[in-house]
Amino acid sequence: MKRLLQDIDHAIKYYPGLEKVESSNELRVRGIIILKHPEIGEYDRYTVSISFPRCYPNCFPKVIEVSEKIPKVADRHVNSDNTLCLAVEPEERILCRNGITFKYFLDKVLVPHLSRETYWNYTGKYEDGEYSHGIEGLWEYFGQLLNATKKEDVLNELEKMLHEKWLGRNAPCFCGKAAKFKNCHRKKWERVMLLGQDYLLNWLDILQNDRQNSSNI
Amino acid sequence: MGFDKNKHLENVLESHKMKHVDDLMKKSIIKREEIKDALKEKFGDEVISRAINSGSYAKHTAINTKFDIDICQPFRYKGFGTLEEMADAVYDYFKNEYKDEDIVSYKTKKQRVSTGLTFLIDGAEIQMDVVSGRELLEDDYSSTTRLNLYVRPKNLDPATSTQTNIQKHVDLIKGKGDERCIIRLLKAWKVSSNTDIKSFFMELITIRAFNAAPEIPTDMWGKLEMAMEFIRDNVKTIRLEDPANANNVVSDTLTDLEKEMLSQKMDTMLRQINDNEENLKIYFPLNKQFHSEEEKKKLAALEMSRRGVVSKPWRND
């Protein structure tokens with residue numbers, strides 16, 4: 001608890017609109033986040049309420065946007081409990097695998113996310129795209145990690161990665177490209193494996209069950 | 001998910017649009033029409049018709065950081081004894097007779113082929129070049145729109161004359177929307193980098209780049225890159241003639257050294273932009289003065305959204 005308080009105190013020095021709210025059963029951060037561009041200055045502000053789940057700092061804090069600038073609808077990435085959906089679950093897991101600080105979360109996750117919502121308010125779109133809702137978004141995420149456009153390819157590669165013995169580092173890559181395994185598939189596999197064997201096996205199971213729905217991502 | 005070169009170039013064009021100086025333009029156009037009326041009234045039968053619009057505004061290649069509202073006054077073949085008399089008569093009229101409370105009279109000057117007028121409108125200096133031209137033969141203008149201009153002496157170059165066709169210059173760029181965009185971008189670069197190259201030169205070499213391309217890229221950056229590569233590879237050797245007069249070699253307005261430097265500048269820019277595409281912002285900057293507040297905030301939000309570590313948003317419901 002002490003470490004969390006220090007973590008929060010350090011971060012809110014940089015975000016003077018935020019304040020720590022302690023009560024008997026929970027710790028929250030509330031207040032205004034002013035979005036500023038180094039040259040242009042303030043371009044928007046949001047009022048937020050942030051709580052810290054048990055898994056923090058190995059997961060993101062939960063954020064509710066209370067200024068109601070972001071409509072509470074699925075298309076604006078707001079969960080049914082009104083918290084913001086900030087990333088696909090495996091991506092969050094990779095980012096938080098070694099623990100994060102609250103300042104890192106504010107700087108690198110929440111402020112960019114709110115900026116994306118501001119951009120949406122001006123243009124009606126996410127300029128850099130978005131993952132589809134639910135499990136389709138997960139297919140897209142794994143497809144992107146593995147450079148695969150077909151669900152079949154995602155499953156095949158995950159199975160190969162998780163169930164077969166990996167090739168030697170200097171062996172020619174199985175994909176047929178004229179490159180050593182270490183310079184080809186091994187690199188991206190290592191990144192995917194950051195998610196953990198058990199976690200991936202669980203996802204492989206979920207994706208296999210979902211597989212029959214459609215063929216392409 | 002990186003910096004979008006095409007979007008940036010669209011924003012550069014948008015921020016350099018003349019609509020941002022609409023009020024100033026309207027007042028300038030009123031001045032231009034008054035000047036046309038004054039010329040008609042002063043020179044009466046010596047003029048063939050009211051002066052015609054020329055320059056970048058008439059060609060739709062103007063940018064709001066630098067634009068002239070130029071006109072060309074066609075005179076009759078028998079209107080004056082010599083071309084010099086014609087050019088000086090126009091200059092003398094504006095210098096000594098013409099009255100306008102917005103004209104900065106001490107800045108009225110003889111230029112190479114025109115009389116330069118300066119107006120002070122809402123605190124901004126607006127430059128207007130009045131080119132005077134004489135038809136080549138009696139009653140020839142209406143069918144050919146060709147004119148002879150007096151070219152004043154400069155440095156060691158003696159006075160001379162040149163034939164031109166302003167209408168042909170305006171028509172040259174008509175219907176060439178892609179080329180106009182690239183010309184405006186190159187002008188924005190020229191003005192922001194203080195590079196002294198005649199706009200007409202830029203126009204001709206850009207048009208040539210498009211004509212020489214086996215296939216025109218569909219995106220804005222692709223088109224700009226194509227034009228810049230063409231300039232880099234060809235500026236030192238290319239011969240660009242005034243389409244209205246083959247004897248007027250527009251490419252000769254740059255010295256060999258200036259051509260070499262232009263080629264090198266293009267090469268450096270292309271390499272720097274390919275190394276890091278955000279360098280495009282240095283060479284082709286937005287005109288921040290006329291970038292709307294909303295636009296600024298929108299771009300700020302986009303830029304800051306890209307500083308995060310999460311690739312894309314998602315909703316798990």
**Study point:** Accessible area per residue, Å², segment A:79-130 with all protein chains present, probe 1.4 Å
**Key:** 37
Check your understanding: Mind checking which of B:266, B:202, B:304 has the largest fluctuation in a GNM of chain B, springs on alpha carbons under 10 Å?
Key -> B:304
Revision key, fill the gap. For the protein assembly as shown, the dipole about the Cα centre with charges only on Cβ (Lys and Arg +1, Asp and Glu -1), to the nearest 20 debye, works out at 1540
Review point. Which lysines have a Cα lying under 23 Å from the Cα of residue A:20, excluding residues fewer than 8 positions away in the same chain?
Key: A:2, A:36, A:62, A:69, A:103, A:108
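Once the Cβ-Cβ distance between residue A:104 and residue B:253 is put in as r, and R0 is 41 Å, what FRET efficiency do you end up with, to the nearest 0.05? Present the calculation step by step, with values, prior to reporting the outcome.
On the way: r = 57 Å, r/R0 = 1.38.
Between residue A:104 and residue B:253 the formula returns 0.10.
Using the structure shown, select from A:72/B:17; A:182/B:265; B:19/B:176 the pairs with a Cα to Cα distance greater than 30 angstrom.
Working: A:72/B:17 38 Å; A:182/B:265 41 Å; B:19/B:176 20 Å.
In this structure, A:72/B:17; A:182/B:265 lie more than 30 Å apart at Cα.
Show me you know the interface measure: the accessible area buried between B and A, both chains summed, probe 1.4 Å, in Å² to the nearest 100.
Protein heavy atoms only, the B-A interface buries about 3200 Å².
Run the accessible area of chain A with a 1.4 Å probe and give the carbon-and-sulfur part as a rounded percent.
Working: 5240 of 11220 Å².
That share works out to 47 percent.
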Revision key, fill the gap. Rounded to whole Å², per residue accessible area for segment B:96-151 with a 1.4 Å probe reads 50
Check your understanding: Modelled label-to-label distance, residue B:275 and residue B:118, 7 Å Cα→beta-carbon offset: nm?
Key -> 4.0
Review point. If you roll a 1.4 Å probe over segment B:47-88 with all protein chains in place, what percent of the accessible area is carbon or sulfur?
Key: 47
Check your understanding: Excluding the sites themselves, what is the longest stretch of chain A that contains no GluC sites (Glu not before Pro) in a DSSP loop with at most 10 other C-beta atoms within 10 Å?
Key -> A:69-163
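Restricting to bridges with both residues inside the protein assembly as shown, how much of the DSSP beta-bridge set is antiparallel, in percent to the nearest 5? Numbers along the way, then the final one.
Details: 50 of 55 bridges.
For the protein assembly as shown, the DSSP antiparallel bridge percentage is about 90.
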**Study point:** Calculated FRET value between residue A:164 and residue B:210, using beta carbons and R₀ = 51 Å, to 0.05
**Key:** 0.40
Check your understanding: For chain A, modelled as a Gaussian network with Cα springs under 10 Å, which listed residue fluctuates most, A:199, A:122, A:14?
Key -> A:122
Check your understanding: What is the distance in Å between the Cα centres of segment A:67-106 and segment B:47-91?
Key -> 64
Review point. Share of segment B:120-267's accessible area from carbon and sulfur, percent, 1.4 Å?
Key: 46
Point to revise | Cβ-based net charge around residue B:116, under 12 Å, with every Lys or Arg adding one and every Asp or Glu removing one | key: +2
Check your understanding: Rounded to the nearest 5, what is the percent of antiparallel bridges among the DSSP beta bridges in chain B?
Key -> 85
**Study point:** Within the protein assembly as shown, helix-based [θ] at 222 nm, where runs of 4 or more DSSP H residues each add -39,500 (n - 2.57), nearest 500
**Key:** -13000 deg cm²/dmol
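Within 10 Å of each Cβ in A:113-124, how many Cβ atoms from other chains are there, averaged over the peptide? Intermediate results must be reported in sequence, preceding the final value.
Values: counts 4, 4, 9, 9, 3, 7, 10, 3, 3, 7, 3, 0.
The mean count of partner-chain Cβ atoms within 10 Å per residue comes to 5.
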Check your understanding: Cross-link partners among lysines for residue B:99, C-alpha distance below 23 Å, same-chain residues fewer than 8 apart left out?
Key -> B:26, B:27, B:31, B:36, B:40, B:42, B:107, B:109, B:110
Check your understanding: Going by alpha carbons, how many degrees (0 to 90, nearest 10) lie between the helix axis of B:199-212 and the longest principal axis of chain B?
Key -> 60
**Study point:** Degrees between helix A:2-12 axis and first principal axis of chain A (Cα, 0 to 90, nearest 10)
**Key:** 70
Point to revise | Acute angle (nearest 10 degrees) that the helix A:151-163 long axis makes with the longest principal axis of chain A, alpha-carbon atoms | key: 80
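The values are calculated or read from the model by the stated rules, or taken from the named source; none is laboratory data. What you see is a predicted model; the values in this text were computed from it and never measured. Reconstructed Cβ throughout: ideal geometry from the backbone, glycine too, with neighbour counts over all protein chains shown. Protein only, heavy atoms only, side chains kept; ligands, DNA and RNA dropped before computing areas. Shrake-Rupley method; radii C 1.70, N 1.55, O 1.52, S 1.80 Å.
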